[in-house]
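Read-outs throughout are calculated quantities, based only on the coordinates presented, and are distinct from any laboratory measurement. Remember, it's a predicted structure, so these values are computed and weren't measured experimentally. Quick reminder, even Gly has a Cβ in these numbers, built from the backbone with ideal geometry, and neighbours come from all protein chains shown.
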């Protein structure tokens, strides 16, 4: 009888012809996440199994809780037999040290060559426990101990407790996206939600020194590292935005500053996406939250690119977004008081219903295509390592 970890796929089982792609991607993600642990991983269409070759069960379970595509995580026991007498004796041994008076047996019989039905097996195991351990009662509705038994091809598994995974699809199964990462509360949450749907992300950050500080950049690096826990690796594109932002400020009516600035960011993000083979842009825009996020503003900004733009938190209110940010571990970093490009040069009365024709006329006042070309050419790429301690963490 060996202890091991079982993974249940959940939503992945709804896939049909391409289920193997999803499970294989999950396997590769688990393998990468656990590369520093002494584990053996194997899987089939119904389950994934992890044998931990050292006493690292708790640490491994915590790592698995950060992997999309996992519905449930179970620490169970592997029995190299389908013999019911051996299974009953093993279960009795396992429950000897547990304190309970009521119990229920749930049996799953994947191997239909086993002669008895699942109900018959449950009843027989239950009867055996009642005869051999005093003071017990069966309770099929609210048992103190729920004993799960699974009979598979050549072996059986017994487990008691089930940990919830974070669900979703394995990162990478639905392609790649570019996350517009500002350093605020919303964009990391949007990135997390996109990853949950199987999108592998790279980030893009617009810096504007000396108007934005090194602390603001370090803040975005720190947020990238948190997202890296779920994305497994993270590449951050840092765009020098000072010349573009100053040109906008000096030449364009101030009520249109934010609108034109966002249009430039979208154009640059689309170029980076094309070069990175990304299929979508992802951002943290929430309908009506600020002037650039009214429906009219979104339309005027969105029209400068052809790539789809996904807004996972578009219909969330701020409290809902904050709740998720706290859950995933980005909130405390996001609220650090370092301004980014989106919060400097904010006009007193930004336009909330921008006119697309006027946007084009105002953009003609600056050589934006040349400025964008220079910004993309001179941008920095930072590879974020989820395990390595980085210098920027001491600067926040």
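Structure notes:
- Computed from the Cβ-Cβ distance with R0 of 30 Å, the FRET efficiency linking residue 197 to residue 385 stands at 0.75.
- Gain on full stretching of the segment that runs from residue 299 to residue 133 - 0.36 nm per residue minus C-alpha separation: 52.8 nm
- Summed over qualifying helices (DSSP H, 4 residues or more, each -39500 (n - 2.57)) and divided by its residue number, the chain shows a 222 nm mean residue ellipticity of -11500 deg cm²/dmol.
- Length gained when the stretch residue 290-residue 124 is fully extended (0.36 nm per residue, less Cα-Cα span): 53.4 nm
- Counting only DSSP beta bridges whose two residues both lie in segment 176-395, roughly 25 percent are antiparallel.
- In plain terms, the chain from residue 18 to residue 54 could stretch by 9.6 nm, reckoned as 0.36 nm per residue minus the Cα-Cα distance.
- Whole-angstrom gap from segment 42-68 to segment 187-256, using each part's C-alpha centre: 33
- Taking the number of Cβ atoms within 10 Å of each Cβ as an exposure proxy, the fewest-first ranking of 315, 341, 359 is 315, 359, 341.
- Max mean-square fluctuation residue, GNM over the chain, Cα-Cα springs under 10 Å, options 56, 141, 211: 141
- Where only alpha carbons of segment 176-395 are counted, the Rg and the Dmax (Å): 16.3, 48
- 20 Å-binned pair-distance histogram of the chain (Cα, whole percent): 24, 43, 23, 9, 0
- Fewest-first ranking of 148, 349, using other Cβ atoms within 10 Å as the exposure measure: 349, 148
- A simple spin-label model places pseudo-atoms 7 Å from Cα toward Cβ; at residue 93 and residue 117 they are separated by 3.1 nm.
- Distance histogram for segment 239-314 (every C-alpha pair counted, 5 angstrom bins, percent rounded to whole numbers): 3, 15, 24, 24, 19, 11, 3, 0
- Ratio of the Cα radius of gyration of segment 1-107 to 2.2 N^0.38 Å, where N counts its residues: 1.20
- For 157, 230, order by how many other beta-carbon atoms lie within 10 Å, fewest first: 157, 230
- Normalising by residue count, segment 58-184 has a Cα convex hull of 170 Å³ per residue.
- Expressed to the nearest 5 percent, the antiparallel share of DSSP beta bridges inside segment 2-167 is 75 percent.
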